[in-house]
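As structure tokens, the structure follows; a few thoughts come after it.
The values are calculated or read from the model by the stated rules, or taken from the named source; none is laboratory data. No experiment lies behind these values; they were computed from the predicted model shown. Cβ sites come from the backbone with ideal geometry, for glycine too, and all protein chains shown count toward neighbours. Areas reflect the complete protein model, heavy atoms only, side chains present, ligands, DNA and RNA absent. Shrake-Rupley method; radii C 1.70, N 1.55, O 1.52, S 1.80 Å.
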Amino acid sequence: MHVTHLSLADFRSYARVEVPLDPGVTAFVGANGQGKTNLVEAVGYLASLASHRVSSDAPLVRMGADRAVIRAAVAQGDRSQLIELELNPGKANRARINRSSQVRPRDVLGIVRTVLFAPEDLALVKGDPGERRRFLDELVTARSPRMAGVRSDYDRVLKQRNTLLKSAAMARRHGGRSMDMSTLDVWDQHLARTGAEVLAQRLDLVTTLQPLADKAYEALAPGGGPVVLEYRSSAGATGDAHSREEFYGQLTAALADVRKQEIERGVTLVGPHRDDLLLSLGRLPAKGYASHGESWSCALALRLASYDLLRAEGNEPVLVLDDVFAELDARRRERLAELVAPGEQVLVTAAVDDDVPGVLEGARYAVADGEVTRV
């Protein structure tokens, strides 16, 4: 699978830009602030309905415009599809596939798949648990696009449950009439049901990803591992459970155990939204113990493992390397370049040509003053 044409309207710094793309390596080269990352950010948005740089859509719309449009032609074998996303901050986004009538934005998930390497990846090791949960959920959705709906349902139930808990906590603190907790029982069931699906998918992913991550780390930093991935569930759930019903039972029991504390604090204390992915190098946690270079290698290993997993499952993703080589020492730079060079489509951004390793030969675009020019 590869993108054959990218078209942007009022996206980030671009009023309008058209970029034809070929299989193999394409590098966008330009000084900082010229818009090269905006191009690959748009491709990533098509794959995940989210930016790797910001948490909301508003910054993606060009200053002074009401909306932004991302349009891409995508080839997979003999099949070609045209997908379009219209970003409307404060309103519902819109989507079209092959110029057909409007579909839900999440219906485009799975048409484009990407694995993105970026300076922000260091947060996978050094950042908060939310960074690692996002990594898992985006990869889960890339493998199974229907999980976007499950995650949305979970977030909706969680919001409703937290609202009820907050009201109960406020009533208790101010000596008001106690609330009917039968409603909370209903939300417990909904949360446990959707949470069990999220939990099962994450645990399966971590199990599958483990050997791939260890292999990738060895390729990047020979003799430096092993890398160990451990999913830490706030509900005490483990991969020993083999069915959604077992995970549902574990979550239901955990919610019952902490109900008193939840009512006191007014917030949901267990569930996938409180879980973490623990990363270790050898016997020590990577966070807090790994050196800067080891942390980078660990983060890159997770991305390479993601790429190997998606490729093995039959639809090779677009590899996006956003200004990542400038962050690496010479040894890791060359090793990473050699590992990704055979990809069906590799999109690279760099400030100068020298930041693009020689093994990554292919098309070059100069990005400057809002213009994208093939050189």
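Just a few scattered comments:
- When Leu122 is tested against (1) surrounded by 18 or more Cβ atoms within 10 Å (Cβ to Cβ); (2) touching a residue at least 60 places away in the same chain (Cβ under 8 Å), just one condition goes unmet, and that condition is (1).
- For the stretch 188-200, the count of residues that are of a type in the set (Asp, Glu) and open to solvent by 50 Å² or more (accessible area, probe 1.4 Å) is zero.
- Just one of (1) under 23 Å from the mean Cα position of the chain (by Cα); (2) without any contact (Cβ under 8 Å) to a residue 40 or more places away in the chain fails for Thr26. It is (2).
- Among the residues of the stretch 125-151, those that are open to solvent by 50 Å² or more (accessible area, probe 1.4 Å) and free of Cβ contacts under 8 Å to residues at least 24 places away in the same chain comprise Asp128, Glu131, Arg134, Arg146.
- Some residue of the stretch 18-36 being open to solvent by 20 Å² or more (accessible area, probe 1.4 Å) and either closer than 19 Å to Thr141 by Cβ or among the hydroxyl-bearing types (Ser, Thr, Tyr) (or both): no
- Only one of the numbered conditions (1) modelled with pLDDT of 95 or more; (2) farther than 26 Å from Glu344 by Cα is violated by His5, and that is (2).
- Wholly within the stretch 281-375, strands (runs of 3 or more DSSP E) carrying at least 1 residues that are open to solvent by 10 Å² or more (accessible area, probe 1.4 Å) and within 25 Å of Thr208 (Cβ to Cβ): none
- Meets criteria (at pLDDT below 95 and either of a type outside the set (A, V, I, L, M) or touching a helix residue (DSSP H, G or I) at 6+ places or on another chain (Cβ under 6 Å) (or both)) for Ser55: yes
- Residues satisfying the stated conditions in the stretch 137-149, i.e. part of a helix (DSSP H, G or I), farther than 21 Å from Val340 by Cα and not acidic (Asp, Glu): Val140, Thr141, Met147, Ala148, Gly149
- Taken over the stretch 264-280, the criterion of being open to solvent by 30 Å² or more (accessible area, probe 1.4 Å) and of a type in the set (A, V, I, L, M) is satisfied by Val267, Leu278.
- Scope the stretch 306-329; condition acidic (Asp, Glu) and free of Cβ contacts under 8 Å to residues at least 60 places away in the same chain; matching residues: Asp329
Yes/no per residue for (1) touching a helix residue (DSSP H, G or I) at 6+ places or on another chain (Cβ under 8 Å); (2) modelled with pLDDT of 95 or more; (3) more than 21 Å from His52 (Cα to Cα):
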| position | (1), (2), (3) |
| --- | --- |
| Leu136 | yes, yes, no |
| Val140 | yes, yes, no |
| Asp153 | yes, yes, yes |
| Arg156 | no, yes, yes |
| Leu164 | yes, no, yes |
| Ser167 | no, no, yes |
| Gly175 | no, no, yes |
| Arg193 | yes, yes, yes |
| Ser234 | yes, no, yes |
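- Taking the stretch 151-170 as the range and being in contact with a Ser or Thr (Cβ under 7 Å, 6 or more places away or on another chain) and under 11 Å from Glu262 (Cα atoms) as the test, the residues that pass are Arg161, Asn162, Leu164, Leu165.
- Which numbered condition Arg12 misses (of (1) touching a residue at least 24 places away in the same chain (Cβ under 8 Å); (2) under 23 Å from the mean Cα position of the chain (by Cα); (3) at negative phi): (3)
- Where strands (runs of 3 or more DSSP E) fall entirely within the stretch 53-119, those with at least 3 residues that are open to solvent by less than 80 Å² (accessible area, probe 1.4 Å) and under 20 Å from Glu18 (Cα atoms) are at 68-76, 79-87.
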